[in-house]
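The values are calculated or read from the model by the stated rules, or taken from the named source; none is laboratory data. Note that the structure is predicted; figures quoted are calculated from it, not measured. We place every Cβ from the backbone using ideal geometry, glycine too, and count neighbours over all the protein chains shown. Only protein heavy atoms, including side chains, enter the accessible area calculation; ligands, DNA and RNA are left aside. Shrake-Rupley method; radii C 1.70, N 1.55, O 1.52, S 1.80 Å.
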Amino acid sequence: MYENDEYILMDGEKRARVHPTNGVIKGCPLSPLLFPLYINDMGREISEGIEGAVTGDRVNCVSHMLYADDLGLTTNDPGEMQTMLNKLRTYAEKKGLTVNTAKSEVVHFNSNSVSPLQNPFTYDGVVLPEKDRFKYLGLLLDRRMNPKIAEEHAVRPYMAAQSRISEFAKNHDLKSRPHAMLWFYFACIVRCIGLCHYYQGEHNNSEPKREKTKD
């Protein structure tokens, strides 16, 4: 569908014409739809036969979380985690995808152990580093699931965003247009608050001895 298509890359005064040969084009309205369709079967293939990590109700389990190209794997069984990583490698090779191991980390949630694993998790021969915390969709989560860490991390960008929104509203006379102002605040602020509330709910439902692992 991109045959004979081209776009211009800009870097300051530099310009370059690019003819795409694979992937999706940034800025194309279809790109956000095409990529999820292409990887729609990922979750099913990597989680087949996997129980995953228990949730707050101790009935439902979650083996993975996928948002666009951001993938998180969760389980209570280290063996299952390595199995999912191996399946992910096979899937990526089949689909022509590349996993950025430099941005892949392991976190043991609600675990008293901080010592390295005897058998660390690997992806395609690369050992994945263990961390005490990681950032997921803008939220900073630590292995103790302490909500204060996420809250403190979110306060500064939240206040900065609120300041920029107020300045934008003033410059574009939105304060005299309450409906536009309400929509603008909802689009920029309310969604961020919703993510924080979601994390708080997950923290309240967590069991103190439960262990999860995230890639």
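Among the residues of the range 124-138, is any modelled with pLDDT under 80 and more than 30 Å from residue 38 (Cβ to Cβ)? No, the range 124-138 contains no residue that is modelled with pLDDT under 80 and more than 30 Å from residue 38 (Cβ to Cβ).
Quick grid of which residues meet (1) within 30 Å of residue 127 (Cβ to Cβ); (2) small (Gly, Ala, Ser); (3) open to solvent by 40 Å² or more (accessible area, probe 1.4 Å):
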position: 16; (1), (2), (3): no, yes, yes
position: 31; (1), (2), (3): no, yes, no
position: 38; (1), (2), (3): yes, no, yes
position: 62; (1), (2), (3): yes, no, yes
position: 66; (1), (2), (3): yes, no, yes
position: 76; (1), (2), (3): yes, no, yes
position: 85; (1), (2), (3): yes, no, no
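Given the condition small (Gly, Ala, Ser), modelled with pLDDT of 90 or more, within 20 Å of the chain's Cα centre (by Cα) and closer than 20 Å to residue 38 by Cβ, answer yes or no: does some residue in the range 81-103 qualify? Yes, some residue in the range 81-103 is small (Gly, Ala, Ser), modelled with pLDDT of 90 or more, within 20 Å of the chain's Cα centre (by Cα) and closer than 20 Å to residue 38 by Cβ. Would you please list the contacts, defined by Cβ atoms under 6 Å and residues six or more apart or on different chains, that run from a residue in the range 42-63 that is over 19 Å from residue 91 (Cα atoms) to a residue that is part of a loop (DSSP other than H, G, I, E, B) and open to solvent by 40 Å² or more (accessible area, probe 1.4 Å)? Note: pairs meeting the criteria are 53/76; 61/51. Among what's in the range 134-145 and is assigned to a strand (DSSP E or B) and out of contact with any helix residue (DSSP H, G or I) (no Cβ under 7 Å at 6 or more places or on another chain), pick the residue that is surrounded by the fewest Cβ atoms within 10 Å (Cβ to Cβ). By that ranking, first place goes to 135.
Here residue 188 clears all of (1) within 22 Å of the chain's Cα centre (by Cα); (2) more than 30 Å from residue 75 (Cβ to Cβ); (3) at pLDDT 75 or above except the condition numbered (3).
Just one of (1) open to solvent by 80 Å² or more (accessible area, probe 1.4 Å); (2) within 30 Å of residue 156 (Cβ to Cβ); (3) acidic (Asp, Glu) fails for residue 48. It is (2).
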